[in-house]
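Since the structure comes first, as structure tokens, the remarks are kept for the end.
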Amino acid sequence: DEEFNELCFEFGLELDEVTSEKDIISKEKGEEKAKGASETIIYKIDVPANRYDLLCLEGLVRGLQVFKERINLPRYEKIIPPQGEGQRLIITEQTVHVRPHAVAAVLRNITFTKERYDSFIDLQEKLHQNICRRRALVAIGTHDLDTISGPFTYTAKAPSEIKFKPLNQSQEYTASQIMDLYRTDSHLRHYLHLIENKPLYPVIYDSNGVVLSMPPIINGDHTKISVNTRNVFIECTGTDITKAKIVLDIIVTMFSEYCEKPFSVEAAEVVYPNGKTHIYPELAYRKEKVKAELINKKIGISETPSSLAKLLTRMCLNSHVTGNGNHIEVEIPPTRADIIHACDIVEDAAIAYGYNNIQMTIPKTYTIANQLPLNKLTELLRLDLAAAGFTEALTFALCSQEDIADKLGMDISATNAVRIANPKTAEFQVARTTLLPGLLKTIAANRKMPLPLKLFEISDVVVKDPNTDVGARNYRHFCAVYYNKTPGFEIIHGLLDRVMQLLEVPPDEENGYTIKASEGSAFFPGRCAEIFAKGQIVGKLGVLHPDVITKFELTMPCSALEINIEPFV
């Protein structure tokens, strides 16, 4: 297990855990339920989301064998059948508004075993969840070719006109009935919305009118594959042709090794509504040139071009040195759709070299890091506010609309708050524009604590600002509240004086700070003041209005102070 864990790490994967069915069940449901479960060892391996070629045992083992240099990378080839003998998939124009694209291929004389068959089905499921975006972009259908006869037609019809026996069902249903049937199915109900509200549903027929599938929902029962299937017809329909080609390439390259002629795939012809034809799968090999010095520089190593070529070949990228010896020509196989840019090739070279083998060096650029001035000021203030007898609270940056508007006696439009488009709960609808509600909710949750409660928080608030590139701006606010049997305005005022003393802002109008009587919807009339400093209003302090106090489920008077500390940085 340790050796395998090490190998996975070297290959850029992670062995998540070594477990068994029995262990998994006993963890989730207890010892009793786990009795009789299999004790076969299971490896859970984390595969990067872009490596579709490692999503099944076949691809993973092949990748590791090439990596260990035990086998050479197989060459995948497509066999184009003689004129008129190959399979054809004809796309009609009705599909344009539902799922316009389709690709197809055939695996001839394949030999399945129980394990291979399970792996084949499992790979389709993993691809559906990953690159196919839960079948929204691509849906895969695999059929027993010996039960049907081409050419096949991919069209779209009204739900009432489609009737067939779905996979593993005992009778025929119309498409509308199938939708109702699977509405309660834990697995398939998640895909119904993809075509449910469309006037026409996509469907694939053979030349005798047998339904192969109604993508992206279900295949027909007539063409279902089993362990004894010898010839498999694969079709992928979708809204994204590039993804459909990748998915088809992955499936045929992974399982063509079980064909009579290993790693060969029989091509199929797809006829488009405009009469054009195309042969699939593409199984395209392409060549890219990379400078050896680029790879060395990016990774921070100094390998010869030939050893870099060898490293890349171990990562399933057949490479050799060309030109005057400093370029590497890399062949990208159809299994590696994740190689888009030179940096993907560099990454693979780094994995093969071994991340742990790269020498740590001090970067050539010489810079000295410094704390962000705003954060430094925040840290300094926090210490001194705690020394002044106040307790720090950290509250959520998101809150409900009521918290920042209704409960403080304001209108939501006046707050300039940033709204969340699809909030999961009523508690998290907007980003806070003031820290006060968070502190009042904290007091409400701690009413059992002995009085007085003295809390403060220094955090960001968010308001809309059309002048910024993201349409919003953060401000660092400091808020303090005092909650006791008496309002304690003098304590909050004293705290303001202490903060200004720490900031070295003197109490005078010219170049210091002053407070002036003012009104605020959250404050008691005649008990509220605005704080002026640096030639601007930086905040307010005062005694909270009894309505505000009761709306936050509090029973005692409370005074509060909130200022923006950014002008003092």
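The values are calculated or read from the model by the stated rules, or taken from the named source; none is laboratory data. These numbers come from a predicted model, not from an experiment. Virtual Cβ from ideal backbone geometry, glycine too; neighbours counted across all protein chains shown. These area figures cover heavy atoms from the full protein model, side chains too; ligands, DNA and RNA do not enter into them. Shrake-Rupley method; radii C 1.70, N 1.55, O 1.52, S 1.80 Å.
Listed values, structure above:
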read-out	value
Inter-residue pairs, beta-carbon under 9 Å, first in contact (Cβ under 8 Å) with a residue 24 or more places away in the chain and in region 361-372, second open to solvent by less than 100 Å² (accessible area, probe 1.4 Å), 6+ apart	THR361/GLY300
Checklist (1) modelled with pLDDT under 90; (2) more than 36 Å from the chain's Cα centre (by Cα) applied to SER186, failing item	(2)
Residue that is farthest from ASN318 (Cα to Cα) [pool: residues in region 342-377 that are over 33 Å from the mean Cα position of the chain (by Cα) and open to solvent by less than 100 Å² (accessible area, probe 1.4 Å)]	LEU377
Meets criteria (closer than 24 Å to ASP1 by Cα, touching a residue at least 40 places away in the same chain (Cβ under 8 Å) and open to solvent by 50 Å² or more (accessible area, probe 1.4 Å)) for LEU64	no
Residue in region 380-389 that is open to solvent by 60 Å² or more (accessible area, probe 1.4 Å) and of a type in the set (Gly, Ala, Ser) present	yes
Qualifying positions in region 79-120 - outside any loop (DSSP other than H, G, I, E, B) and out of contact with any strand residue (DSSP E or B) (no Cβ under 8 Å at 6 or more places or on another chain)	GLU93, VAL96, LYS114, GLU115, ARG116, TYR117, ASP118, SER119
Some residue of region 67-78 being open to solvent by 40 Å² or more (accessible area, probe 1.4 Å), part of a strand (DSSP E or B), in contact (Cβ under 8 Å) with a residue 12 or more places away in the chain and more than 30 Å from LEU192 (Cβ to Cβ)	yes
Flag for LEU317 being free of Cβ contacts under 8 Å to residues at least 40 places away in the same chain, under 30 Å from ILE80 (Cβ atoms) and part of a loop (DSSP other than H, G, I, E, B)	yes
Residue count for region 225-260, restricted to those that are out of contact with any Phe, Trp or Tyr (no Cβ under 7 Å at 6 or more places or on another chain), open to solvent by 20 Å² or more (accessible area, probe 1.4 Å) and not in a helix (DSSP H, G or I)	6
In region 385-419, the residues that are over 23 Å from PHE524 (Cα atoms), part of a loop (DSSP other than H, G, I, E, B) and among the charged types (D, E, K, R)	none
Residues of region 296-314 satisfying the condition of being assigned to a loop (DSSP other than H, G, I, E, B) and surrounded by fewer than 17 Cβ atoms within 10 Å (Cβ to Cβ)	GLY300, SER302, GLU303, THR304
ILE339 being surrounded by 15 or more Cβ atoms within 10 Å (Cβ to Cβ) and farther than 30 Å from ALA104 by Cβ	no
Residue list for region 547-556, filter: surrounded by fewer than 19 Cβ atoms within 10 Å (Cβ to Cβ) and out of contact with any Lys or Arg (no Cβ under 7 Å at 6 or more places or on another chain)	ASP547, THR550, GLU553, THR555
Failed criterion for ALA426 (all others in (1) touching a Lys or Arg at 6+ places or on another chain (Cβ under 8 Å); (2) modelled with pLDDT under 90; (3) among the small types (Gly, Ala, Ser) hold)	(1)
Tally, over region 418-433, of residues that are surrounded by 14 or more Cβ atoms within 10 Å (Cβ to Cβ) and closer than 12 Å to ALA397 by Cβ	6
Selection from region 160-175 of residues that are surrounded by fewer than 14 Cβ atoms within 10 Å (Cβ to Cβ) and in a helix (DSSP H, G or I)	SER160, GLU161
Considering residues of region 127-151 that are of a type in the set (D, E, K, R) and part of a loop (DSSP other than H, G, I, E, B) only, the residue nearest to CYS236 (Cα to Cα)	ARG135
Residues located in region 22-59, provided they are surrounded by 15 or more Cβ atoms within 10 Å (Cβ to Cβ), free of Cβ contacts under 8 Å to residues at least 40 places away in the same chain and part of a helix (DSSP H, G or I)	LYS22, ASP23, ILE24, ILE25, SER26, ALA34
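The rows are residues; the columns are (1) outside any loop (DSSP other than H, G, I, E, B); (2) closer than 25 Å to THR415 by Cβ; (3) touching an Asp or Glu at 6+ places or on another chain (Cβ under 6 Å).
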| residue | (1), (2), (3) |
| --- | --- |
| GLN501 | yes, no, no |
| GLU504 | no, no, no |
| PRO507 | no, no, no |
| THR514 | yes, no, no |
| THR550 | yes, yes, no |
| GLU562 | yes, yes, no |
